[in-house]
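Q: Encoded as structure tokens, here's the structure I'll be asking about.
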Amino acid sequence: MNLHDKHKQMVKKNNIMRRCFLAVFVIMLVVSTFYFIKIFRVITSKNVDTHGKKEISIFIKTGSTFEDVKNELYSKNLIINKEYFEFFAEKRKYVDNIKAGRYILRNGMNNNQLVNMLRSGSQTPVKVTFNNMRFVEELAGKVSQMIEPDSAEIMNAVKIKNVSPVIFLPDTYEFFWNITAENFVDRMLREYDDFWCGERDAQAEKLGLSRKEVAILASIVDKETTFSGEMPDIAGVYINRLRRGWPLQADPTLIFATKDFDAKRVLDWHKDVESPYNTYKYAGLPPEPICIPSKAAINAVLNYKKHNYMYFCANPDFSGQHVFAKTLSEHNRNAEKYHKALRKKLKHSL
């Protein structure tokens, strides 16, 4: 073979190699293009459907796996393309970084927004509201419907921390849904101390009452009226009685002592019950609050109305408010007006 033939053969081989390289390059380019198109779609495509709602909450429990997360999402039909979601979750290593909490999903979120929110633990707090709680068990039951710990866990934390029910000041608070029972109680204790420290402690000291004693009296005020405007007047009546050494004769304490919580009126048999909560029999404050007192009632006791009233009874207009009296004879006249109006009302209802 002469040099010319060898050259032609070498050129031919080179052309074949170039064509092979070009073909491989084209194939790789096509594959990578399709791959990047898929990645782009996976990242940017809308993949959350809240079915007509602007947003919806999901709850991921402590200790959940990726399977649990998928069940939570898929059971509500929130994910449009499950393959895309699972693919991106794996790429972002979310499958091994599950974080508990309450998360808000908005309609039209893409996988990037969804997975980044879940992976970073960017949960939305829940608002926890409680009021009119008589017992801490009641409170635990209600709160457990709004955060992850159940009522037994909350009650156990109360027992371990050895705190009084009065630290749970009725109000609206923000918590992360997956807060532990212990941290919930700790937060409530901080809120309680913040509420009292400073001015209120000084006011209580000026009255000659401890925090607990203020809370006991406030719990009675809470059960006497739902009108915050007259709470300071009612507190003033009880302060006057305490200072004169009179029995408080507070009807709500008899309801508590007899556990007759459905009673509309206090009857003679209520007054005969043997209990340290019977303020008709025993002077001074009962041993513990008869409910978890509200901030309004506590403030009413600390800022009680200075007056000479010693009695009050229900207003005959049935507004739920009260009329006040300085003397027993005046009080008896007020009470008779109320009972007369009540008899008339009952007669018309028959």
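Q: Among the residues of region 217-226, is there at least one that is in a helix (DSSP H, G or I), open to solvent by 10 Å² or more (accessible area, probe 1.4 Å) and among the hydrophobic types (A, V, I, L, M, F, W, C)?
A: At the first step, the residues of region 217-226 found to be in a helix (DSSP H, G or I) are 217-224.
Checking which are open to solvent by 10 Å² or more (accessible area, probe 1.4 Å) leaves us with 222-224.
Filter once more, keeping what is among the hydrophobic types (A, V, I, L, M, F, W, C): none.
Within region 217-226, none of the residues are in a helix (DSSP H, G or I), open to solvent by 10 Å² or more (accessible area, probe 1.4 Å) and among the hydrophobic types (A, V, I, L, M, F, W, C).
Q: Tell me which residues, restricted to region 53-67, are open to solvent by 70 Å² or more (accessible area, probe 1.4 Å) and within 22 Å of VAL126 (Cα to Cα).
A: Scanning region 53-67 gives LYS53, LYS54, GLU55, PHE59, LYS61, THR62, GLY63.
Q: Continuing with the same structure: Sort out for me the helices (runs of 4 or more DSSP H) sitting completely within region 237-350 that have 2 or more residues that are out of contact with any strand residue (DSSP E or B) (no Cβ under 6 Å at 6 or more places or on another chain) and exposed (fewer than 15 other Cβ atoms within 10 Å of the Cβ). Before the answer, list the steps.
A: Numbers: elements: 251-258, 268-271, 295-302, 328-349.
Result: 268-271, 328-349.
Q: Ok, one more. Could you check region 135-177 and list, in sequence order, the residues that are hydroxyl-bearing (Ser, Thr, Tyr), outside any loop (DSSP other than H, G, I, E, B), within 28 Å of THR253 (Cα to Cα) and touching a helix residue (DSSP H, G or I) at 6+ places or on another chain (Cβ under 9 Å)?
A: Of the residues in region 135-177, the ones hydroxyl-bearing (Ser, Thr, Tyr) are 144, 151, 164, 172-173.
Retained after the next criterion (residues that are outside any loop (DSSP other than H, G, I, E, B)): 151, 172-173.
Next cut, within 28 Å of THR253 (Cα to Cα) only: 151, 172.
Once the filter is applied, which keeps residues that are hydroxyl-bearing (Ser, Thr, Tyr), outside any loop (DSSP other than H, G, I, E, B), within 28 Å of THR253 (Cα to Cα) and touching a helix residue (DSSP H, G or I) at 6+ places or on another chain (Cβ under 9 Å), region 135-177 yields only SER151.
Q: Of PRO149, PRO125, PRO165, which residue is within 20 Å of the chain's Cα centre (by Cα) and modelled with pLDDT under 95?
A: Values: PRO149 fails: modelled with pLDDT under 95; PRO125 fails: modelled with pLDDT under 95.
After applying the criteria, what remains is PRO165.
Q: Taking only pairs six or more apart or across chains, which ones have beta-carbon atoms under 8 Å, a first residue in region 110-127 that is farther than 14 Å from ILE80 by Cβ and outside any helix (DSSP H, G or I), and a second residue that is among the hydrophobic types (A, V, I, L, M, F, W, C) and open to solvent by less than 10 Å² (accessible area, probe 1.4 Å)?
A: Taking only residues 6 or more apart or on different chains, the pairs are PRO125/PHE175; VAL126/ILE147; VAL126/PHE175.
Q: Between residues in region 152-165 that are under 13 Å from LYS142 (Cα atoms) and residues that are open to solvent by 70 Å² or more (accessible area, probe 1.4 Å), which pairs lie under 7 Å by C-beta distance while being six or more apart or on different chains?
A: Filtered contacts from region 152-165: MET155/GLU137.
Q: Quick one: is THR172 exposed (fewer than 13 other Cβ atoms within 10 Å of the Cβ), modelled with pLDDT of 95 or more and within 27 Å of PHE59 (Cβ to Cβ)?
A: Details: exposed (fewer than 13 other Cβ atoms within 10 Å of the Cβ): yes; modelled with pLDDT of 95 or more: yes; within 27 Å of PHE59 (Cβ to Cβ): yes.
Yes; evaluated as a whole, the condition is true for this residue.
Q: Restricting attention to region 137-154, and to residues there that are among the hydrophobic types (A, V, I, L, M, F, W, C) and buried (at least 19 other Cβ atoms within 10 Å of the Cβ), which single residue is nearest to GLU67 (Cα to Cα)? Please lay out each step first, then the result.
A: Here is the first cut: in region 137-154, the residues among the hydrophobic types (A, V, I, L, M, F, W, C) are 139-140, 143, 146-147, 152, 154.
Narrowing further to those that are buried (at least 19 other Cβ atoms within 10 Å of the Cβ): 139-140, 143, 147, 154.
Details: LEU139: 33, ALA140: 30, VAL143: 28, ILE147: 22, ILE154: 28 Å.
Out of the qualifying residues, it is ILE147.
Q: Name the residue that is nearest to the chain's Cα centre (by Cα), counting only residues in region 266-321 that are more than 12 Å from ALA215 (Cβ to Cβ) and of a type in the set (D, E, K, R).
A: Ranking the candidates gives LYS305 first.
Q: If you check ILE234 against the conditions, is it closer than 30 Å to SER144 by Cβ, of a type in the set (A, V, I, L, M, F, W, C), buried (at least 20 other Cβ atoms within 10 Å of the Cβ) and in contact (Cβ under 8 Å) with a residue 24 or more places away in the chain?
A: On the way: closer than 30 Å to SER144 by Cβ: no; of a type in the set (A, V, I, L, M, F, W, C): yes; buried (at least 20 other Cβ atoms within 10 Å of the Cβ): yes; in contact (Cβ under 8 Å) with a residue 24 or more places away in the chain: yes.
Answer is no for this residue.
Q: Sticking with this one: When ASN132 is evaluated against the numbered criteria (1) modelled with pLDDT of 95 or more; (2) open to solvent by 70 Å² or more (accessible area, probe 1.4 Å); (3) not in a helix (DSSP H, G or I), which criterion, by number, is the only one it fails?
A: Among (1) modelled with pLDDT of 95 or more; (2) open to solvent by 70 Å² or more (accessible area, probe 1.4 Å); (3) not in a helix (DSSP H, G or I), ASN132 violates only (1).
Q: Does ARG211 satisfy the condition of being under 26 Å from the mean Cα position of the chain (by Cα), more than 26 Å from ALA140 (Cα to Cα) and open to solvent by 30 Å² or more (accessible area, probe 1.4 Å)? First the steps, then the outcome.
A: Details: under 26 Å from the mean Cα position of the chain (by Cα): yes; more than 26 Å from ALA140 (Cα to Cα): no; open to solvent by 30 Å² or more (accessible area, probe 1.4 Å): yes.
When the stated conditions are applied, ARG211 does not pass them.
Q: Oh, and also: Taking region 181-207 only, how many residues are open to solvent by less than 60 Å² (accessible area, probe 1.4 Å) and not in a helix (DSSP H, G or I)?
A: Here the count works out to 1.
Q: Another question about this same structure. Hey, among TYR103, TYR94, which residue is open to solvent by less than 20 Å² (accessible area, probe 1.4 Å), among the hydroxyl-bearing types (Ser, Thr, Tyr), under 21 Å from TRP177 (Cα atoms) and out of contact with any strand residue (DSSP E or B) (no Cβ under 6 Å at 6 or more places or on another chain)? I'd like the intermediate steps shown before the answer.
A: Values: TYR103 fails: out of contact with any strand residue (DSSP E or B) (no Cβ under 6 Å at 6 or more places or on another chain).
Just one listed residue meets the conditions, TYR94.
The values are calculated or read from the model by the stated rules, or taken from the named source; none is laboratory data. Here the structure is a predicted model, which means the values were calculated and not measured. Neighbour counts run over all protein chains shown; Cβ positions are idealised from the backbone, glycine included. When the accessible area is computed, the model is the full protein with side chains, heavy atoms only, and any ligands, DNA or RNA have been set aside. Shrake-Rupley method; radii C 1.70, N 1.55, O 1.52, S 1.80 Å.
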